[in-house]
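Please treat every number below as a calculation from the coordinates, not as lab data. The structure displayed is predicted, hence computed values, not measured ones. So basically every Cβ, Gly included, is an ideal-geometry build from the backbone, and we count neighbours across all protein chains shown.
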Amino acid sequence: MINYFKKFLSIKKTASLSFYLSSWLFLILMFTNLEISQAADSPKEITYPVKLFEDGQAKFFQYKTANNLTIRYFLIKSADGLMRAAFDACDVCWPEGKGYYQKGDFMVCRNCGRRFASILINEAQGGCNPAPLKREIKGGKVIIKIKDILAGAQYFNFREGKR
């Protein structure tokens with residue numbers, strides 16, 4: 001009888017390990033095979049006039065991909081006078097799909113409530129910090145390349161019914 005239980009426990013451990021590894025493999029494959037396409041006639045960049053952000057208020061935007069995925073991001077002129085851009089998501093809370101709102105000079109996570117000073121947008125990354133979005137300022141315009149917006153698609157790839 002003891003040998004039977006030893007054999008059973010051995011099989012159960014192997015099955016658990018197998019399930020664990022196959023689950024991780026599935027998640028890795030799911031995210032590495034994510035294909036986001038852009039229509040051939042789509043613009044290569046989006047521009048916004050810098051003066052649109054003079055009031056220091058975050059402005060929220062959306063980009064819809066050819067695959068019907070909506071990527072959300074915001075731009076803000078921070079307290080130090082620099083233009084900042086970030087996805088409306090973070091590395092931790094993105095599955096909840098809630099994003100941020102502005103309170104004074106802070107962006108606040110709608111999921112966990114953490115606050116982030118505007119001067120740290122694009123500077124601090126990881127954790128619950130708003131995920132940085134590359135931007136360029138040239139000729140009084142904020143320029144964001146579509147390829148950089150598409151790079152944030154993983155934050156908005158929700159399974160059906162997840163939101």
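If a paramagnetic tag sat 7 Å from the Cα of I137 along the Cα-Cβ line, which residues of segment 51-78 would have the backbone N under 17 Å from that point?
51-59, 74-78
May I ask you to list the residues of segment 85-110 whose amide nitrogen lies under 19 Å from a point 7 Å from Cα along the Cα→beta-carbon direction of E45?
85-87
Can you give the Rg to Rh ratio of segment 52-163, both from alpha-carbon atoms, with Rh computed by the Kirkwood formula?
Working: Rg = 13.4 Å, Rh = 14.1 Å.
Rounded to two decimals, Rg over Rh is 0.95.
Return the subset of K44/K103; K103/K145; K103/K138; K103/K134 for which the Cα-Cα distance in this structure is over 26 Å, preserving the input order. If you can, show how the numbers build up before the last one.
On the way: K44/K103 32 Å; K103/K145 28 Å; K103/K138 28 Å; K103/K134 23 Å.
Beyond 26 Å between Cα atoms: K44/K103; K103/K145; K103/K138.
Within the set of other residues whose C-beta is less than 11 Å from the C-beta of A151, count the net charge using Lys and Arg as +1 and Asp and Glu as -1.
On the way: positive: K134, K145, K147; negative: D148.
Within the 11 Å Cβ shell, the charges total +2.
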